[in-house]
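The values are calculated or read from the model by the stated rules, or taken from the named source; none is laboratory data. Model, not experiment: these values are computed from the prediction. Don't worry about glycine lacking a Cβ; one is built from the backbone with ideal geometry, like all the others, and counts go over all protein chains shown.
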Amino acid sequence: MTPEGYGRSPARHPSASALLITDEASRALLVRPTYKDGWEFPGGAVDPGETPWEAAVREAGEELGITCRMPPVLLCADWMRPRGHDLGGFRLVFDGGVMTAGELAEIRLPVEELSDWTLADPADAAAYLPPERVRRLRAAVQARAAGRMAYLEDGHPVT
């Protein structure tokens, strides 16, 4: 494909970025959106002109009222194929660090977007997240512990 043709290609895949934030007991911080059922990682869509890390940090500020000052560490990249209304694309999980009880107490949710937050043990994440996100969470936790990045496709590790 020529450079001109490549630039006009209809192949556009949205991406979303999230942070794996845990407490001192290694429980993952999850948020409950007001606009859909279930729980999510703190994060959201990568806006045009924004890097995935910038999106994750921006969303943490908007959703939790926190400022992430650590350098970017990508824990998990999950390529999702289009399904139904979901256009697919990359779902990226960055390390958002460990928050103390005092820091967690400072979380402020935007009531028009999020109704609650919780801490979930990765072993019990199926009570909060759909299967592909449970696998993504567990892959991110394992990647953090191993000091490496995990790659998944449709929520499944690629081996």
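Residue 153 meets the conditions (1) free of Cβ contacts under 8 Å to residues at least 60 places away in the same chain; (2) in contact with a strand residue (DSSP E or B) (Cβ under 6 Å, 6 or more places away or on another chain) in every case but one. The failed one is (1). In the range 86-116, the qualifying residues are those that are over 16 Å from residue 32 (Cβ atoms) and among the β-branched types (Val, Ile, Thr), and the one that is surrounded by the fewest Cβ atoms within 10 Å (Cβ to Cβ) is 100. Look at the range 10-64 and say how many of its residues are surrounded by fewer than 18 Cβ atoms within 10 Å (Cβ to Cβ), β-branched (Val, Ile, Thr) and either modelled with pLDDT under 95 or under 17 Å from residue 94 (Cα atoms) (or both). Number satisfying all stated conditions: 1. If I ask for residues that are free of Cβ contacts under 8 Å to residues at least 12 places away in the same chain, small (Gly, Ala, Ser) and in a loop (DSSP other than H, G, I, E, B), which ones from the range 26-61 would you list? If the condition is that a residue be free of Cβ contacts under 8 Å to residues at least 12 places away in the same chain, small (Gly, Ala, Ser) and in a loop (DSSP other than H, G, I, E, B), then 49 is the only one that fits. Evaluating residue 119 against the criteria (1) out of contact with any Phe, Trp or Tyr (no Cβ under 8 Å at 6 or more places or on another chain); (2) at pLDDT 95 or above; (3) surrounded by 17 or more Cβ atoms within 10 Å (Cβ to Cβ); (4) not acidic (Asp, Glu) leaves one unmet condition, (3).
Scanning the range 122-132 for residues that are touching a strand residue (DSSP E or B) at 6+ places or on another chain (Cβ under 9 Å) and modelled with pLDDT of 95 or more, we see that the one that is surrounded by the fewest Cβ atoms within 10 Å (Cβ to Cβ) is 127.
Among the candidates 87, 75, 109, which residue alone is touching a residue at least 12 places away in the same chain (Cβ under 8 Å), closer than 19 Å to residue 141 by Cβ and not acidic (Asp, Glu)? Quick ask: steps written out before the conclusion?
On the way: 87 fails: closer than 19 Å to residue 141 by Cβ; 109 fails: closer than 19 Å to residue 141 by Cβ.
Only one candidate passes the filter, namely 75.
For the range 73-80, state whether one or more residues are within 19 Å of residue 130 (Cβ to Cβ), at pLDDT below 95 and of a type outside the set (Gly, Ala, Ser). Looking for residues that are within 19 Å of residue 130 (Cβ to Cβ), at pLDDT below 95 and of a type outside the set (Gly, Ala, Ser), one finds at least one in the range 73-80, hence yes.
With respect to the stated conditions, residue 72 is farther than 15 Å from residue 31 by Cβ, in contact with a helix residue (DSSP H, G or I) (Cβ under 8 Å, 6 or more places away or on another chain) and surrounded by fewer than 17 Cβ atoms within 10 Å (Cβ to Cβ).
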